[in-house]
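Asker: This structure is in structure tokens; I'll ask about it shortly.
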Amino acid sequence: MSDWSQLKNRARGRWQVPLLLASLGLLGVAAWRLRPDPRSLPLDRAIVYLETLEEGGLHNRVIQLAGALLAKHRERGADLGPIYRILARAEAGYAKEAGDSSQATWERIEEHFAEAVADREPLTGPDLELRGYAAEMRGKPARAVEYYDAALKQDLSEPWELRRHVFLLRRDRLNIDPEAQLDELDRYLAEVPEHRLEERLWALERQIEVLDDLDRLKEASTRLVAERPLFAGTDLEPRMAFLEALLLYKSGHYDEVERLLRTLRNDMDRLDEAYPMTGWLLGRVVLSDGGPQRPQEALSFFEDVIHTHPGSVYAAASRLGAAEALAMLQRDDDAISTYQVALEDLDRLRERRLINRDVVRTSLSVMAESKRQSGQFAAALGYAELAAKLVDRDEVQQAVAVLEPLAQLQVLSAEELEGSVDRLYDAADAPPVSRHAESRRLFERASETYGEIARLSTYNEERSAWASWQAAELLARAGRLTEAAEQFAAFARERPTNPFVPRALLRVGQLYQLEGRFEDAVAAFQECYRRFPRTLDGARALVPMAACYISMGPGNEDLAEKTLHVVLEDSEVFTPEAPAFAEALFLLGDVLNRKKDNEQAIAYLTEAIERYPDDPRVWRARYLLADSYRRSAGSLRSEMDQAAVPSERDRLREEAARRYERARQLYRELIDEYEVRSASSLSPLEALYLRHAYLYEADCHFETRDYPKALKLYEDAAGLYADRVSALAAYVQIINCHVFLGHRGEARAALARAMVLTETMPEEAFTSSISPETRADWKNYFTWLGDSGLF
């Protein structure tokens, strides 16, 4: 800059200088215009001209002229090998400058080299190196190594960088065994001059890595001791000391490493090349020294490296260490953010000795497992999701090893939100559908993860089938019932010999049943039983099939009854000890009660209660049994009115009274059971049973003309349900009881209370009642009753 300033001062005021510059520019333009056209030159002179342009870096011009020369001389049978060679060089140079890594470009360059060789044009060492680079860009590392080796045999003036590159290719892409790696490194050290200390350090570090993998660190120590004198007193001595510390670290001598590194760093400039190396290693030692972990101290070392040498590979490695330290400090959000930055480092780093996709993925997987074991599922999920992004899907075993824990964490996190961690459900039941929006989203993501595992495991049918099944189950838990049913149907269709096909068809029916698509569910259950009647899952399809018939409404009870009789009487699978047998027995009693087949209902409900006294369905069965006895008694009363023989009427009257009494006893048992429980603990259906039990118990006393007991029960019911339409029905019977007892005044008083209650009852009581009567209907009825003159 100072020279330029002096030149400007001297040129100021001298008009000859601008004139000279202008003249030189015009001379250059004239020379360019008068340059020879290579297409008009003899071929040998045109080739020399192209070589000159290519050596000057005018790649684009070479490409244009070489193409023209090839087009002109190709049909004449001329020796075009030199032109193809020069064209390959130019296109490679142009592609490197433009950052063009497309397959098509480098395949074209390889074709040019191949044409040159076919025309017997010898390739130089740089040509062979370029050809190797082209093969590497085309994803052919073995071919690239062949060309690189050929280039090295031509005595390159500076072969060391290429030799390092070839070693890494053989190690990382061709997976040569460790012993072969050691042999190659030994040759490298034997041939590299002693004064090339950088090259020797590189080879020594690679040897340490290989010997560490071979568990031969003592041998690595011997090699370092042999090389140590070459570095004494040089600028690279701290780096040699770092390698010694690294070897001690890998050997587990953490205390010794820490002392060595702290001493080394005391006299080291922060700008020294070894400073980030020692800072990174010291952070690793402090983070995992085998004693009490010191993540906060380790974090300070890592952050120091990141701030002082931000673009180095050790800064990237320190960022990974910082993420691990933050995770140990329970700062999971910061840790995940730091991991994400480390992932960005991978895209720009050329040297990946310390940090690569495998290293970061392993670190993330370890953190995810650590958090999972401590029950921190949400944090563990964050780490596992990042690890999954680093999976090479072409490496199926690796991918499955990462994706399966991810899916498990997605499920655990979803169940944690549901408040039901490790929730289990019987194989005969459909998967429970999530109630929480976020947990449904997590179940859906878990389903997608298992779906990916299934696709990756194409050549492992057992694992693919298992993952496909999990994907469908979790899709159901996410509430995607139709899609889940379709996946189970596809499972059965695509894997006809799989032992889980009957259960898949069962699942299809269960999911359609949950969705209210009862006809589709019946079709699936029928197929399941038709194809697999002697299997457990095939037989399990019968009970839910009957339930679907019931849900399809009146007119389908006969089909439900027939299906349940198959379970109870014809099944080759179920015994009375089977849960499905018990369910069928209770459900058949329900069906017969719906059909008003009271005698049959009494028989089956009684059997169900006696067989399974501890079953939670017993109390509904008691209610239905009481209902069947009550209705049966009413039927006998109707027969009694039609009986012609007095003795028959007496018998029917006695039997009806006995059945009313049995019904009353059952209602009282139900009331006693539910009254000891708090109202909030009763389900809506249980609350309905209790309300009806009060009224029906009173009805049983009323029908047997025990009016005083009936009256008391009706009055209790009217008081309990004063905010429900049931109270108005109770008042009707209260009035009737008073009339039959001859209490005309009490009957009128009860009617007055009923009319007041009709006026004051909330409108919601009428709109929410299953009874169709409105407030106006009840007012009209009670008005008519008052005007009837009956009391």
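The values are calculated or read from the model by the stated rules, or taken from the named source; none is laboratory data. No experiment lies behind these values; they were computed from the predicted model shown. Note that each Cβ is placed from the backbone with ideal geometry, even for glycine, and that neighbours are counted across all protein chains shown. Just the protein is used for accessible areas: all its heavy atoms, side chains included, with ligands, DNA and RNA removed. Shrake-Rupley method; radii C 1.70, N 1.55, O 1.52, S 1.80 Å.
Asker: List, please: which pairs have Cβ atoms under 6 Å, are six or more places apart or on different chains, and start with a residue in the range 166-188 that is free of Cβ contacts under 8 Å to residues at least 60 places away in the same chain and end with one that is in a loop (DSSP other than H, G, I, E, B)?
Answerer: ARG170/ILE176; PRO178/LEU214
Asker: Any chance the range 632-646 includes a residue that's outside any helix (DSSP H, G or I) and out of contact with any Lys or Arg (no Cβ under 8 Å at 6 or more places or on another chain)?
Answerer: Yes, that holds for at least one residue.
Asker: Could you check the range 307-323 and list, in sequence order, the residues that are in contact with a helix residue (DSSP H, G or I) (Cβ under 6 Å, 6 or more places away or on another chain) and either small (Gly, Ala, Ser) or open to solvent by less than 30 Å² (accessible area, probe 1.4 Å) (or both)?
Answerer: Within the range 307-323, SER312, TYR314, ALA315, ALA316, ALA317, SER318, LEU320, GLY321, ALA322, ALA323 qualify.
Asker: Would you mention how many residues in the range 248-289 are open to solvent by less than 30 Å² (accessible area, probe 1.4 Å), closer than 18 Å to ASP235 by Cβ and either without any contact (Cβ under 8 Å) to a residue 24 or more places away in the chain or not in a helix (DSSP H, G or I) (or both)?
Answerer: 1
Asker: Regarding ALA342, is this residue in contact with a Lys or Arg (Cβ under 8 Å, 6 or more places away or on another chain), over 26 Å from TRP466 (Cα atoms) and part of a helix (DSSP H, G or I)?
Answerer: When the stated conditions are applied, ALA342 passes them.
Asker: Out of (1) surrounded by 18 or more Cβ atoms within 10 Å (Cβ to Cβ); (2) of a type in the set (Val, Ile, Thr); (3) in a helix (DSSP H, G or I), what's the single condition that is false for ILE355?
Answerer: That leaves (3) as the condition not met.
Asker: Taking the conditions exactly as written (open to solvent by 50 Å² or more (accessible area, probe 1.4 Å), in contact with a Ser or Thr (Cβ under 8 Å, 6 or more places away or on another chain) and not hydrophobic (A, V, I, L, M, F, W, C)), does GLU661 satisfy them or not?
Answerer: yes
Asker: Would you point out which residue out of LEU201, LEU243 is on the phi < 0 side of the Ramachandran plot, of a type outside the set (D, E, K, R), in contact (Cβ under 8 Å) with a residue 40 or more places away in the chain and surrounded by fewer than 20 Cβ atoms within 10 Å (Cβ to Cβ)?
Answerer: Going through LEU201, LEU243 in turn, just one is on the phi < 0 side of the Ramachandran plot, of a type outside the set (D, E, K, R), in contact (Cβ under 8 Å) with a residue 40 or more places away in the chain and surrounded by fewer than 20 Cβ atoms within 10 Å (Cβ to Cβ): LEU201.
Asker: Next question, about the same structure. Which residue pairs have Cβ atoms closer than 8 Å, lie 6 or more positions apart in sequence or on different chains, and pair a first residue in the range 738-760 that is within 13 Å of LEU711 (Cα to Cα) with a second residue that is open to solvent by 60 Å² or more (accessible area, probe 1.4 Å) and at pLDDT below 90?
Answerer: These pairs meet every condition: VAL739/LEU790.
Asker: Of the residues ARG507, ARG503, ARG540, which single one is open to solvent by less than 30 Å² (accessible area, probe 1.4 Å) and among the basic types (Lys, Arg)?
Answerer: Of ARG507, ARG503, ARG540, the one residue that is open to solvent by less than 30 Å² (accessible area, probe 1.4 Å) and among the basic types (Lys, Arg) is ARG507.
Asker: If you don't mind, there's one more thing I want to ask. Within the group GLU527, GLU519, GLU473, which residue is in contact (Cβ under 8 Å) with a residue 24 or more places away in the chain and more than 24 Å from the chain's Cα centre (by Cα)?
Answerer: It is GLU519.
Asker: Among the residues of the range 359-368, is any among the β-branched types (Val, Ile, Thr), open to solvent by less than 70 Å² (accessible area, probe 1.4 Å), farther than 30 Å from ARG164 by Cα and under 19 Å from the mean Cα position of the chain (by Cα)?
Answerer: No, because not a single residue in the range 359-368 is among the β-branched types (Val, Ile, Thr), open to solvent by less than 70 Å² (accessible area, probe 1.4 Å), farther than 30 Å from ARG164 by Cα and under 19 Å from the mean Cα position of the chain (by Cα).
Asker: If I filter the range 178-198 down to residues being over 18 Å from PHE231 (Cα atoms) and open to solvent by 40 Å² or more (accessible area, probe 1.4 Å), which single residue comes out as farthest from the chain's Cα centre (by Cα)?
Answerer: Only one residue fits best here, namely ARG187.
Asker: All but one of (1) among the aliphatic types (A, V, I, L, M); (2) closer than 27 Å to TYR604 by Cα; (3) in a helix (DSSP H, G or I); (4) free of Cβ contacts under 8 Å to residues at least 60 places away in the same chain hold for VAL573; state the number of the condition that does not hold.
Answerer: Of everything listed in (1) among the aliphatic types (A, V, I, L, M); (2) closer than 27 Å to TYR604 by Cα; (3) in a helix (DSSP H, G or I); (4) free of Cβ contacts under 8 Å to residues at least 60 places away in the same chain, VAL573 misses just condition (3).
Asker: Name the residues in the range 529-546 that are among the small types (Gly, Ala, Ser) and assigned to a helix (DSSP H, G or I), would you? Before you say what the answer is, go through the steps one by one.
Answerer: Initial filter on the range 529-546 (among the small types (Gly, Ala, Ser)): 538-539, 541, 546.
Matches in the range 529-546: GLY538, ALA539, ALA546.
Asker: Same structure, new question: Of the conditions (1) closer than 19 Å to ALA582 by Cα; (2) of a type in the set (S, T, N, Q); (3) not in a helix (DSSP H, G or I), ASN498 satisfies every one except a single condition; which number is it?
Answerer: Tallying (1) closer than 19 Å to ALA582 by Cα; (2) of a type in the set (S, T, N, Q); (3) not in a helix (DSSP H, G or I), ASN498 fails exactly one: (1).
Asker: From (1) within 23 Å of ARG170 (Cα to Cα); (2) open to solvent by 70 Å² or more (accessible area, probe 1.4 Å); (3) in contact with a helix residue (DSSP H, G or I) (Cβ under 6 Å, 6 or more places away or on another chain), pick out the condition that doesn't hold for VAL145.
Answerer: The single condition VAL145 does not satisfy is (2).
Asker: Given the options GLU369, GLU385, name the one that is of a type in the set (Asp, Glu), more than 27 Å from LYS250 (Cβ to Cβ), touching a residue at least 12 places away in the same chain (Cβ under 8 Å) and in contact with a helix residue (DSSP H, G or I) (Cβ under 9 Å, 6 or more places away or on another chain).
Answerer: GLU385
Asker: Does GLN526 satisfy the condition of being part of a helix (DSSP H, G or I), surrounded by fewer than 20 Cβ atoms within 10 Å (Cβ to Cβ), at pLDDT 95 or above and of a type in the set (S, T, N, Q)?
Answerer: Yes: the conditions hold for GLN526.
Asker: Which of (1) open to solvent by 40 Å² or more (accessible area, probe 1.4 Å); (2) free of Cβ contacts under 8 Å to residues at least 24 places away in the same chain does GLU599 not meet, given it meets every other one?
Answerer: Here GLU599 meets the rest and fails (2).
Asker: Turning to a different aspect of this structure: In the range 569-592, what residues are over 42 Å from the mean Cα position of the chain (by Cα) and surrounded by fewer than 17 Cβ atoms within 10 Å (Cβ to Cβ)?
Answerer: GLU569, ASP570
Asker: Considering only residues that are open to solvent by 70 Å² or more (accessible area, probe 1.4 Å) and touching a residue at least 12 places away in the same chain (Cβ under 8 Å), look in the range 636-657 and name the one that is nearest to ARG691 (Cα to Cα).
Answerer: If we take residues in the range 636-657 being open to solvent by 70 Å² or more (accessible area, probe 1.4 Å) and touching a residue at least 12 places away in the same chain (Cβ under 8 Å), then ARG653 is nearest to ARG691 (Cα to Cα).
Residue-by-condition table, conditions (1) within 14 Å of the chain's Cα centre (by Cα); (2) over 21 Å from LEU536 (Cα atoms); (3) open to solvent by 10 Å² or more (accessible area, probe 1.4 Å):
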| site | (1), (2), (3) |
| --- | --- |
| SER457 | no, yes, no |
| GLU483 | no, yes, yes |
| PHE488 | no, no, no |
| PRO496 | no, no, yes |
| PRO499 | no, no, yes |
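Asker: Further question on the same structure: Just checking, which of ALA114, ALA88 is assigned to a helix (DSSP H, G or I), out of contact with any Ser or Thr (no Cβ under 7 Å at 6 or more places or on another chain), touching a residue at least 40 places away in the same chain (Cβ under 8 Å) and under 25 Å from PRO159 (Cα atoms)?
Answerer: Testing whether each residue is assigned to a helix (DSSP H, G or I), out of contact with any Ser or Thr (no Cβ under 7 Å at 6 or more places or on another chain), touching a residue at least 40 places away in the same chain (Cβ under 8 Å) and under 25 Å from PRO159 (Cα atoms) leaves just ALA88.
Asker: Now for a separate question. Checking the conditions here, which among GLU136, GLU161 is at pLDDT 90 or above, open to solvent by less than 50 Å² (accessible area, probe 1.4 Å) and closer than 30 Å to GLU55 by Cα? Give the steps one after another, and end with the answer.
Answerer: Details: GLU161 fails: open to solvent by less than 50 Å² (accessible area, probe 1.4 Å).
Unique residue meeting the criteria: GLU136.
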